[in-house]
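K.L.:
Quick one: the structure is below, questions incoming.
Where a number appears in this text, it was derived from the coordinates with a stated rule and is not lab data. Note that the structure is predicted; figures quoted are calculated from it, not measured. Positions of Cβ are generated from backbone atoms using ideal geometry, with glycine treated the same way; all protein chains shown enter the neighbour counts.
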Amino acid sequence: MAIATDIRKTLADSTPFHAVVGAGDLAVEKIRGVPEQVAGIAAKAPKLDVAKLKATKIDVPKFEMPKFDVSAVPTDPKVIREKVAGTANDVQDFAKTQYGKARVQVETQYGKAGDYAERLREIYAELAARGQKIVEERLGTQDDAAAAPRPAVAQPPAATEPAAAPAPKPAKPAARKAPAKRPAKKTPPPAE
């Protein structure tokens with residue numbers, strides 16, 4: 001009985017336990033509302049006209065690959081070098097701007113993470129309070145029932161006939177003898 005009391009006290013004072021109970025209660029509450037939501041969605045959903053869908057024709061535009069003019073490719077090394085240098089500068093500028101954007105994004109996300117953590121703490125506290133309320137209500141009813149006097153259990157009437165002697169136990173089979181120990185074989189030492 002003391003173990004049950006200890007477990008009850010441990011669970012009654014446990015915030016994680018209260019949060020789990022509160023989450024379960026919230027889930028049950030939300031699930032109970034699902035049939036009404038489904039009925040409402042079904043009533044609002046438009047009816048499909050299958051014949052109209054089959055009659056609809058979709059025109060897919062044709063795509064043609066652009067022609068590539070080989071004569072426009074520069075062959076002069078100076079022109080190629082300038083284009084490559086310009087492209088390298090463009091890539092470097094692009095990388096710098098992307099680094100700046102990424103840094104701003106990380107700082108923004110870091111701030112949002114703090115906000116999310118705070119919101120999670122609030123939700124956890126709300127669930128724990130909800131669970132604690134349920135546990136206190138439930139344990140309160142059990143404590144009241146435990147405190148109420150229990151009806152006495154009627155004892156069966158004592159037997160007037162003398163009890164029969166217990167049946168004799170069957171004899172155990174004779175124990176086997178352990179096999180005799182054999183002497184260990186001696187092996188000659190390896191020749192060098």
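K.L.:
Would you list 134, 58, 3 from fewest to most Cβ contacts within 10 Å? Could the numbers behind the result be given before it?
P.N.:
Numbers: 134 15, 58 4, 3 7.
With the fewest neighbours first, 134, 58, 3 line up as 58, 3, 134.
K.L.:
Taking every eigenvalue of the Cα gyration tensor of the range 1-123, multiplying by 5 and rooting it, what semi-axes result, largest first, whole Å? The partial results should precede the final answer.
P.N.:
Working: eigenvalues 731, 281, 29 Å².
Output for the range 1-123: semi-axes of 60, 37, 12 Å.
K.L.:
Now for a separate question. Please report 63, 17 as a ranked list, fewest other C-beta atoms within 10 angstrom at the top and most at the bottom. Don't skip to the end; give the middle numbers.
P.N.:
Working: 63 5, 17 16.
Ascending number of Cβ neighbours within 10 Å: 63, 17.
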